[in-house]
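A short worksheet on the structure shown next.
The values are calculated or read from the model by the stated rules, or taken from the named source; none is laboratory data. Note that the structure is predicted; figures quoted are calculated from it, not measured. Note that we place each Cβ from the backbone using ideal geometry, even for glycine, and neighbour counts take in every protein chain shown. Protein only, heavy atoms only, side chains kept; ligands, DNA and RNA dropped before computing areas. Shrake-Rupley method; radii C 1.70, N 1.55, O 1.52, S 1.80 Å.
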Amino acid sequence: NNSGALRASPHVEGEQEGGHPTSSSGREDDVSTLGPPPELRQQPGLSQMQRRGSNGSDGTHLTAADTVHGSTVVTAKRMDNVCGFMSRRSFFVSISVFVILLLVVGLAVGLTKGTDPTTDEQVLFPDPDEVLTTVPEPVCFSYLPKMSNLSKACPDPTSLPRGGPLCQLVAEGLLEAADPAANIDIAITNAGAIRSDALAGDLTVGTVRTQVLPFSEDRAAYLSVTPAEIKATLEAPLVDDGLIFTEAMQKEFFPDVPTVKLHWSYEAKYPYAAGLRYDVDIAAPDGEKVSNIVINPRYAGDDDWIALDVTDTSTLIRVVTSDYLAGGGDGYFTGVPRERIEIQENLELADLFLSYCSRQEELIGPDRIVDMSTREYLTATTDD
């Protein structure tokens, strides 16, 4: 689990083609052997057993010599057979060397691309020291707007009235980097997938994989969901079930992932989205906490935000998220049929964000507060 509850258990090289060499048939007019002189071969004492290739009385096969009148006459083997054998042997040796060279080159190319030999999965960004882009000023992560104080760069939660800019940026990155052929409209992620600020300076692959999005088992997933299912997906994570995923539990289940000190059961489950905006009243009754949902699909214009009809149970909207959330983790997408979920087994969720970062000259958080997916956030003690 990369958020507030225990997590349930829910990569291509080219093939070489080649033919097998076929040997040519023998010639009918070949000279058979170099043997004894004709006068010896005409001798009447030559028996069938004494002819080349016959079987001796002791069961041996006479292939190296003939016997004539009790004398041994050594005969030569067919030279064309010997030459043919040597030619074929040289041919096979050459082919073998060529195949070995191809395998070595293929292995080198595979390693260059970052193929994991234990899984045959292609690693898109294998070098942890590779610099993706520059962060001119910290991009802070936080979970709940105005409430969570997890960020070291932005310790005052009131300075983040719409939530963590880095969480929003991750959602934007997932949407931008998703396969265009998948026709993705929006992206949704849980806050708990992000575990650290993006600090000023060079942003490396290793920093993203170990600090920002450290859940390496998370895979990208593409879904087709209805507006009604989107509304349910935004509501479910905000239910207060009283269960807090403590730091001790986090260390036990995810020893390589930075821990966060959570104060509310829904804190790490909080939804961030790209192409989707909404108001949240955390003190409202369950099922009524999210309202005024508007959508702006990936290929729409900047100002084409339209109200989402949350009663619509037939229109399908394409979503990119993690396989954890797609499988019902943190209460997300629980009503979506399995046949509308496509897990990208060979694509880590972090790779989408890495790809997005690598295309940016500088990594900058949302420019305006209105660019956050949470438009308004109300608590029991605040009214804006």
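A few comments on the model shown:
- Matching residues in the stretch 314-340 - criterion: being of a type in the set (Gly, Ala, Ser), open to solvent by less than 70 Å² (accessible area, probe 1.4 Å) and assigned to a loop (DSSP other than H, G, I, E, B): GLY327, GLY328, GLY335
- Scan the stretch 213-243 for residues that are more than 21 Å from the chain's Cα centre (by Cα) and not in a helix (DSSP H, G or I) and the total you get is 7.
- Checking ILE364, ILE343 one by one, the residue that is open to solvent by 40 Å² or more (accessible area, probe 1.4 Å), in a strand (DSSP E or B) and not aromatic (Phe, Trp, Tyr) is ILE343 and no other.
- Of all the criteria given as (1) touching a strand residue (DSSP E or B) at 6+ places or on another chain (Cβ under 9 Å); (2) closer than 20 Å to PHE141 by Cα; (3) of a type in the set (A, V, I, L, M), the one not satisfied by ILE306 is (2).
- Taking the stretch 185-212 as the range and being buried (at least 23 other Cβ atoms within 10 Å of the Cβ) and assigned to a strand (DSSP E or B) as the test, the residues that pass are ILE186, ALA187, ILE188, THR189, ASN190, ALA198, LEU203.
- Any hit, the stretch 213-235, residues being open to solvent by 40 Å² or more (accessible area, probe 1.4 Å) and among the aliphatic types (A, V, I, L, M): yes
- Contacts under 7 angstrom Cβ, first residue in the stretch 255-266 being assigned to a loop (DSSP other than H, G, I, E, B), partner among the aliphatic types (A, V, I, L, M) and surrounded by fewer than 18 Cβ atoms within 10 Å (Cβ to Cβ), 6 or more apart: LEU262/ILE244; SER265/LEU243; SER265/ILE244; TYR266/VAL239
- Restricting attention to the stretch 151-172, the residues that are open to solvent by less than 10 Å² (accessible area, probe 1.4 Å) and more than 28 Å from ILE184 (Cβ to Cβ) add up to 1.
- For SER148: the one exception among (1) over 18 Å from the mean Cα position of the chain (by Cα); (2) modelled with pLDDT of 95 or more; (3) open to solvent by less than 10 Å² (accessible area, probe 1.4 Å): (2)
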